[in-house]
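Following: one structure in structure tokens, then a few remarks.
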Amino acid sequence: MDELEKMLLLQVADLHRVPDGAYNIRKNGEGDGRRSTDRIRIEDRKDGHAGIDIFIAPNTKNESVHIPVVITKTDYRERVYNDFYVGENADVLIIAGCGIHNCGVETSEHTGVHTFHIGRGAKVRYVEKHYGSGDGNGENIMNPATVIYQEEDSRFEMESTQIKGIDSTDRETTATLKKGAELVVREKIYTHGRQFARTNFTVDLNGENSGADVVSRSVAADDSRQTFGSRINGNTACHGHTECDAIIMDRACVTAVPELTANSVDAELIHEAAIGKIAGEQIIKLMTLGLTEQEAEEQIIKGFLS
Amino acid sequence: MLELQNICFDVEENGAIKHILSDVCLTINDRFVALTGPNGSGKSTLAKIIAGILTPTGGKLIFNGEDITALSVTERAKRGISFAFQQPVRFKGITVKDLISLAAGKHITVGEACGFLSEVGLCARDYIDREVNASLSGGELKRIEIATVLARGTELSVFDEPEAGIDLWSFQNLISVFEKMYQKTQGSIVIISHQERILNIADKIVVLTAGKIEREGTREEILPSLLGTGVCRALTDKL
Ligand SMILES: Nc1ncnc2c1ncn2[C@@H]1O[C@H](COP(=O)(O)OP(=O)(O)O)[C@@H](O)[C@H]1O
Ligand SMILES: [Mg+2]
């Protein structure tokens, strides 16, 4: 693996070397290493689509799965389907991420469709990072789709981060929750230049006492544009909270569209959305500590997205 | 150290000029300078002019012989001026440790950060990783604000009503924070306050009324006349 590929892996998966536990590394559309463990099996798909199936045995604890994707070619487009089957009462960490380095002038594009079947009582922490770099004028495009089916009393925590270098992203996440299931989403996005990011969440709270907490923090700088949509449907006694907190700078544009539907008198749903520039007094306070205006802005953004 | 020469601050309100500060002349050289006066008399405005947050509409500021009137907040901070806000600012995502590190101007260890927090009476372990956000109470924020100025340890420090929200702690502790700070910096500490206990440690007391310096002098000269006038609040009023 060359230095560039190592750098991308580090960015998207915090990987310095071959990871512990199960992993599958995909590089420019091809397998570049895979390991299954006793309890976590990774297999090629059998339906003809590119991608893998990941089977996690019931009661698997303290194990992790890394599935980074690295693209270093220009003019390369792929669509990959990965399906996760998480057994009952398992408790695992799944780290996915995609790094694109495009130094050509053509577009590189990765569309990943991740489907999670979360067994009863299982807990999953899913960490996903998107990163792009390149010195050409080629565009880096990522369009991840995440589909989550949660059985009773399961918990799915999703942390998704896109900090740099993705010119265009259109993310669609849908989740369906049964009784007692919990979904937690923490999304962080920073866009600059002429980048565009759209994220859309649709959550169906179908089971009694299910709950969802979908929080997005974002910063839009330069001429970038962001759209955040979050739709929560409370179909029974349940609780849902969605929050969009965005800092807007320069000539950027941010749209937040929270949408709540209660189909039951016992559904408790809340949305909060705030878009605004960095508070002037925050910059001034940091300037009184000796930071320049620009350093102050950087610290405020770094903290906000950390 | 700091000389204020004929500082004026006028604002326009509904087409009329309002004089917030008029011709304020003041030399700050002493260890502890207390700035007192009724609400709305212009104390915070004067402090912000010293820190560079507001630009005076007239007059000059001379700091160690240099005219700093046109210098930015950052440049003044770098020259050795610190300011603890009356209303501390909140930050989402910036932790107490981050803020104290930024104030210190270098990476500091958890131990060092804890030292500053302990000085202001906060149990460091409980606070070091907290965000400086709305989850902190007014009194907690006030003390963290004081800790940032301690961490800077500059030649001139201005505290705007530092006693607010410290009821549960004590004035004596706050006073020893200032005394310790002086031992380190050997500079000047300006404290905006109404509290007798704080005025009591001042080497110099300045009384601001309606944007003008009404009186200034040593504690012995000024304090007796303030007691009972309502300008100065005894400790017992507050508790
Ligand atoms: N930018 C401004 N525009 C109008 N009035 C102001 C402005 N800044 C301060 N003031 C007024 O100036 C007076 C002094 O305010 P301040 O310095 O905060 O007083 P203090 O700190 O002594 O209570 C107050 O009456 C306040 O309302
Ligand atoms: Mg004030």
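The values are calculated or read from the model by the stated rules, or taken from the named source; none is laboratory data. Not measured: the values here are computed from a predicted model. Methodologically, a virtual Cβ is constructed for each residue, glycine included, from the backbone with ideal geometry; neighbour enumeration extends over all protein chains shown. Areas reflect the complete protein model, heavy atoms only, side chains present, ligands, DNA and RNA absent. Shrake-Rupley method; radii C 1.70, N 1.55, O 1.52, S 1.80 Å.
Rolling a 1.4 Å probe over the heavy atoms of the protein chains gives the range B:66-200 an accessible area of 38 Å² per residue. Here's the picture: charge each Lys and Arg Cβ at +1 and each Asp and Glu Cβ at -1 in the range A:3-279, and of A:Cys244, A:Ala197, A:Gly180 the one pushed furthest to the positive end of that dipole is A:Ala197. Taking A:Leu205, A:Leu289, A:Leu183 as the candidate residues, the one with maximal mean-square fluctuation in a Gaussian network model of chain A, Cα springs under 10 Å, is A:Leu289. What you get for chain A, charging only the Cβ of Lys and Arg (+1) and of Asp and Glu (-1), is a dipole of about 320 debye around the Cα centre. Shape annotation for the protein assembly as shown: C-alpha extents along the principal axes are 92, 53, 50 Å, from largest to smallest. Estimated translational diffusion coefficient (Stokes-Einstein, Kirkwood radius over Cα pairs, 37 °C, 0.692 mPa s) of the range A:103-146: 254 µm² per second. Charge dipole (Cα centre; +1 on Lys/Arg Cβ, -1 on Asp/Glu Cβ; no other charges) of the protein assembly as shown amounts to roughly 680 debye. Using a 1.4 Å probe over protein heavy atoms, the accessible area lost on pairing B with A, summed over both chains, comes to approximately 1700 Å². In the range B:63-79, burial by the other protein chains removes 40 Å² or more of 1.4 Å probe accessible surface, compared with the chain on its own, from B:Val73, B:Thr74.
Quantify how strongly other chains surround peptide B:91-99 by giving the mean number of their Cβ atoms within 10 Å of each of its Cβ atoms. Don't jump to the answer; show the numbers that get you there.
On the way: counts 9, 10, 10, 8, 2, 0, 0, 4, 5.
The per-residue average across the peptide is 5.
Among the residues of B:82-88, the average count of other protein chain beta-carbon atoms within 10 Å of the residue beta-carbon is 2.
For the pairs B:Lys78/B:Lys204; A:Lys6/B:Lys92; A:Lys129/A:Lys285; B:Lys97/B:Lys204; A:Lys61/A:Lys302; A:Lys285/B:Lys212, flag any whose C-alpha to C-alpha distance is greater than 29 Å. Working shown, then result.
Numbers: B:Lys78/B:Lys204 26 Å; A:Lys6/B:Lys92 33 Å; A:Lys129/A:Lys285 32 Å; B:Lys97/B:Lys204 34 Å; A:Lys61/A:Lys302 33 Å; A:Lys285/B:Lys212 27 Å.
Check vs 29 Å cut-off fails for A:Lys6/B:Lys92; A:Lys129/A:Lys285; B:Lys97/B:Lys204; A:Lys61/A:Lys302.
For the range A:3-279, the average shadow cast by the Cα convex hull is 14.3 nm², which is a quarter of the hull's surface. Out of residues 5 or more away from A:Glu208 or on other chains, whose amide H comes under 5 Å of its own, with H placed 1.01 Å from N in the peptide plane? Residues meeting the amide H criterion: A:Lys179, A:Gly180. Between helix B:171-185 and chain B there is an angle of about 90 degrees, using the helix long axis and the longest principal axis of the Cα atoms. Within the listed set B:Glu163, B:Glu12, B:Glu119, the residue fluctuating most in the Gaussian network model of chain B (springs between alpha-carbon atoms under 10 angstrom) is B:Glu12. Taking only protein heavy atoms and a 1.4 Å probe, the accessible area of the range A:3-279 is 44% carbon and sulfur.
Under a 5 Å amide H to amide H cut-off, with H placed in plane at 1.01 Å, what residues pair with A:Phe196 once short-range neighbours are removed? Distant-sequence amide H within range of A:Phe196: A:Ser168, A:Thr169, A:Arg225. Could you tell me how many degrees, from 0 to 90 and to the nearest 10, lie between the Cα long axis of helix B:110-119 and the main elongation axis, the longest principal axis, of the Cα atoms of chain B? Taking the Cα atoms of chain B, the angle to B:110-119 is about 50 degrees.
Equivalent-ellipsoid semi-axes (√(5λ), Cα gyration tensor) for the range B:1-76, whole Å, largest first? Write down the numbers at each step before the final one.
Working: eigenvalues 89, 48, 23 Å².
Semi-axes (√(5λ), whole Å): 21, 16, 11.
Counting only other chains, what is the mean number of Cβ atoms within 10 angstrom of the Cβ of each residue in peptide A:275-288?
On the way: counts 0, 0, 0, 1, 4, 2, 6, 6, 2, 9, 14, 10, 9, 19.
That average works out to 6.
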